[in-house]
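Asks: Mind having a look at this structure? Questions to follow.
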Amino acid sequence: MKKIVLTAAALALTAGMASAQTVRMGTEGAYPPYNFINDKGEVDGFERELGDELCRRAELTCEWVTNDWDSIIPNLLSGNYDTIMAGMSITPERDEVIDFTQPYYPPTASAYVATSPDADLTGVIAAQTGTIQAAHVAETGATLLEFPTPDETINAVRNGEADAVLADKDFLVPIVEESNGELVFVGDDVPLGGGIGMGLRESDTELKEKFDAAIQSMKDDGSLNELLKKWFGDDTTLF
Amino acid sequence: MFSFCSDPSSLEGLAWLSCYLTTGKHIEMYWALGTVLLLLAITAPTALAFGFGGAMAARSRFLPVSLFGRAYIAIVRGVPDIAFFMFFVIALDQLFEVIRHKLKCPDWPQDIWQGNDFVVCPEAKLPLGTAPQWVHETYGFFLAVLTFAIVFGAFAANVLFGAMRAVPRAQVETAEAYGMTQRQAFWRIIVPQMWVYALPGLSNLWMVLIKATPLLFLLGIEDIVYWARELGGAKTARFSDYPHPDWRMWYFLALLIFYLLFTRVSEIVLDRIMRRLTRGQATVAGEAQRKAAA
Amino acid sequence: MSCWETIADYGLRSLGIGERLLPRSDFTLCQQFTLIGSGLIWNIYFGTLSLLTGFFLANALALGKAARNPLLRKPAEWFIFVFRGSPLFIQFFFAYFLFLQLKSVYPFLAPLTAASLGALIVLVLNTAAYSAEIFYGALMSVPKGDIEAADAYGLTGWRRFRRIIWPTMMRLGWPAYTNEAIFLFHATTLVFFSGFPTTHQKGDALYYANYFADKTFNPFVPYPILAFYFILLTLTIIGIFGAINARLNRHLPRVQQPRIRLLPQFLR
């Protein structure tokens, strides 16, 4: 009896292997317009649309999962999902641990936002914990005020807890636009990071090549630029 | 949800609110509420089982088992639960996958640890790469239950260990005088009587367990606190049909009321159970019940 | 860089003394031990101060709950219920929110939004509620005979409470209070994790453990170090509370003295 069950299980397994592997795409779901949860409760945003298109071009079945930003890399490493598309800038530190595809978003400018144009940028600066912006603030000599989510960094500026917030400019633009003048950009943009790429395990070279090729093809036919314009406005940096 | 919800920007007042509270995202939050309740319902007996095992091990006459039981209780109780939640789920997941890897792919040529990567053969992945999303979610849920059970099992073990010792020695001596073996005395005398001593500690533990659920998001479960934060955060008109300022306070207020109500109901139920268990016991309260009835 | 230098640079980093920038690359075990240990200062600060302050408040609340006058009893009951019935996580959220509002109205209240004061207040109120419930339970189980004996000696009012009831209440409630103290120290890890922001990267033990896990992408080193520190801390608490317990029970005959056992008995 036991043997029969085992063979049945083995058959089920081999049958499973034949069908296409699902590629699980990890994201944070709290960083519009890169990725966010829409009213329907689904992952939405620039990266969702881009990722779906990349999967279509690479002929992969993809599924979106959300994960806390804090543990997004350890969970990739232990295989709970296969890629990270979460507005993650390519940095040397991260590159040592995981692999990145070529950037699908040009090197970003980060910017300071405050409630008044003469805010003190060496004062208290809010940033999300574990981001390149937080690392940058720590180096500038300003007082770094860290929050676990991007939302809370904006709130800190609104309620005066911080003088300014440093974050990706594209994340800040819609917020500043909708604030009716309450929030303004301050100082010059700060170039940080080497663009945003898709993170993968270093051992997953085959998957990385597929996505690299797909990104390249979207760059070549201009569809990536279209997407960038759609989500980040006409003034955004293009490839 | 409702037919009039197709154009949210034209709505006002109650109609807007009814549409807003029934968006797909809100439905997810209501589901998360169910998940939390289900998790509590499954974790409580599992943790109790872990606790019982731990207490039995700690009582064992065989030194290594006893040491193991005591170490389990002492270590897990000595460390904040968050510290466990931060790495336990990944550790458990990898442990299971390594075991399956050894069983299913004994001749796998590559190392499991390749630099920073943790790679097992595809057959050993849990769940399998081809599995649909709900299997992944169920597996995540299972890992969360197991982590909670291991952590709270240690606390339960401590309570049960004390309760087993609180059963009056005379009871066991009487059992031995009747010729019961140690095992018989344990199962027939100590176990039925220990609950009344254990219940205050266990009810306290249940309350702690309820209040540990906001940490579920650390275990990869999107719980009510996750959704309260996500839904409550300020929404701009570009990314949502229902823009609103920072409403987290209202969502957290709802959570606060939920937790208070839940605690109150638990208190009432546990009080009933205590009264039921006390009946006929050789304790002060049992004595008082007997006198009141007489 | 030797380990001693690391300790000199980072040993008091959580208080803002020493090297300003946290290590950025080539993380050593020594750095992790030093910084996480440095963060532990905050856990001890929060735990000790809130335990000491909360103790007095808890006694008042326990008596309030036992009072016959509903004007005293009802507020105490509600206070205990609200703080025991809701997650600390949510209490921190509301407290931070409230303190921000207060700050915008009365600027001199600004220190409340810093963890060192704001979170301390929340922890004091929280532990007071839990301890009050323990002391109330103990007060209810003070043996009737003790009180009758006090009456027979002509002790009344405050003196009867101070000399007879209160010491017995402490004695009975102490084991449970020991547990509450342990839980409280564990709860201090939530301060920076969910409630209050960190400034200048001055955080508690969990904050630094999280920092290293984030930078090394390997949670299996910093969190066990954190666990190690907390086990030491827990053993210290058990030791101190055990000593107080022994003192509270010193009048009892040896056999009856409930001991908080440190070394388990293997042979019976």
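The values are calculated or read from the model by the stated rules, or taken from the named source; none is laboratory data. Since we're looking at a predicted model, the values are computed, not measured. Here the Cβ is made from the backbone with ideal geometry for all residues, glycine too, and neighbour counts use every protein chain on show. Ligands, DNA and RNA are stripped out before the accessible areas are found, and what is left, the full protein with its side chains, is counted by its heavy atoms. Shrake-Rupley method; radii C 1.70, N 1.55, O 1.52, S 1.80 Å.
Asks: Given the condition under 30 Å from C:Ala209 (Cα atoms), assigned to a loop (DSSP other than H, G, I, E, B) and β-branched (Val, Ile, Thr), answer yes or no: does some residue in segment B:107-118 qualify?
Replies: Within segment B:107-118, one or more residues are under 30 Å from C:Ala209 (Cα atoms), assigned to a loop (DSSP other than H, G, I, E, B) and β-branched (Val, Ile, Thr).
Asks: Tell me, which residue of segment B:217-239 that is in a loop (DSSP other than H, G, I, E, B) and open to solvent by less than 10 Å² (accessible area, probe 1.4 Å) is farthest from the other protein chains (Cβ to nearest Cβ)?
Replies: B:Asp223
Asks: What tally of residues in segment A:40-68 results from selecting those that are among the aliphatic types (A, V, I, L, M) and away from chain B (no Cβ under 14 Å)?
Replies: Count: 3.
Asks: Let me ask something additional. In segment B:23-45, what count of residues is obtained for those that are open to solvent by less than 40 Å² (accessible area, probe 1.4 Å) and part of a helix (DSSP H, G or I)?
Replies: Residues meeting the conditions: 11.
Asks: Let me ask something additional. Restricting attention to segment A:159-174, and to residues there that are open to solvent by 30 Å² or more (accessible area, probe 1.4 Å) and either within 24 Å of the chain's Cα centre (by Cα) or free of Cβ contacts under 8 Å to residues at least 24 places away in the same chain (or both), which single residue is farthest from the other protein chains (Cβ to nearest Cβ)?
Replies: My answer is A:Lys169.
Asks: Against the condition touching a Leu at 6+ places or on another chain (Cβ under 7 Å) and in contact (Cβ under 8 Å) with a residue 40 or more places away in the chain, how does B:Leu202 come out, does it pass?
Replies: For B:Leu202, the condition - touching a Leu at 6+ places or on another chain (Cβ under 7 Å) and in contact (Cβ under 8 Å) with a residue 40 or more places away in the chain - is not met.
Asks: Taking only segment B:117-146 into account, find how many residues are within 21 Å of the chain's Cα centre (by Cα) and within 14 Å of chain A (Cβ to nearest Cβ).
Replies: 11
Asks: Looking at (1) surrounded by 13 or more Cβ atoms within 10 Å (Cβ to Cβ); (2) of a type outside the set (S, T, N, Q); (3) more than 22 Å from A:Thr27 (Cα to Cα), which is the only condition A:Asp189 fails?
Replies: With (1) surrounded by 13 or more Cβ atoms within 10 Å (Cβ to Cβ); (2) of a type outside the set (S, T, N, Q); (3) more than 22 Å from A:Thr27 (Cα to Cα) applied to A:Asp189, the lone miss is (1).
Asks: Being touching an Asp or Glu at 6+ places or on another chain (Cβ under 7 Å) and open to solvent by less than 20 Å² (accessible area, probe 1.4 Å) is the filter here; which residues of segment A:87-108 pass it?
Replies: A:Gly87, A:Ile98, A:Thr101, A:Thr108
Asks: Output the residues belonging to segment C:186-223 that are more than 19 Å from C:Leu117 (Cβ to Cβ) and facing chain B (nearest Cβ under 8 Å).
Replies: C:His186, C:Leu206, C:Ala209, C:Asn210, C:Ala213, C:Phe217, C:Asn218, C:Pro219, C:Phe220, C:Tyr223
Asks: Being in contact (Cβ under 8 Å) with a residue 24 or more places away in the chain, within 30 Å of A:Thr131 (Cβ to Cβ) and out of contact with any helix residue (DSSP H, G or I) (no Cβ under 6 Å at 6 or more places or on another chain), is that true of even one residue in segment C:178-195?
Replies: Yes: segment C:178-195 contains one or more residues that are in contact (Cβ under 8 Å) with a residue 24 or more places away in the chain, within 30 Å of A:Thr131 (Cβ to Cβ) and out of contact with any helix residue (DSSP H, G or I) (no Cβ under 6 Å at 6 or more places or on another chain).
Asks: Let me ask you something else. Can you tell me how many residues in segment B:241-294 are modelled with pLDDT of 90 or more and either farther than 25 Å from B:Pro192 by Cα or among the aromatic types (Phe, Trp, Tyr) (or both)?
Replies: Result for segment B:241-294: 16.
Asks: I'm checking my understanding of the structure. Among residues of segment A:155-173 that are assigned to a helix (DSSP H, G or I) and touching a Gly at 6+ places or on another chain (Cβ under 9 Å), which one is nearest to C:Leu102 (Cα to Cα)?
Replies: A:Asn155
Asks: Go through B:Leu231, B:Leu216 for me and flag whichever is more than 17 Å from the chain's Cα centre (by Cα) and not hydroxyl-bearing (Ser, Thr, Tyr).
Replies: Just a single option satisfies the conditions, and that option is B:Leu231.
Asks: Collect the residues in segment A:129-158 that are within 14 Å of chain B (Cβ to nearest Cβ) and open to solvent by less than 20 Å² (accessible area, probe 1.4 Å), keeping them in residue-number order.
Replies: A:Gly130, A:Phe147, A:Pro150, A:Thr153, A:Ile154, A:Ala156, A:Val157
Asks: Among what's in segment B:69-94 and is open to solvent by 20 Å² or more (accessible area, probe 1.4 Å) and at pLDDT 90 or above, pick the residue that is nearest to the other protein chains (Cβ to nearest Cβ).
Replies: B:Arg70
Asks: Which of (1) open to solvent by 10 Å² or more (accessible area, probe 1.4 Å); (2) in a strand (DSSP E or B) is the odd one out, the single condition A:Ala111 does not satisfy?
Replies: A:Ala111 satisfies every listed condition except (1).
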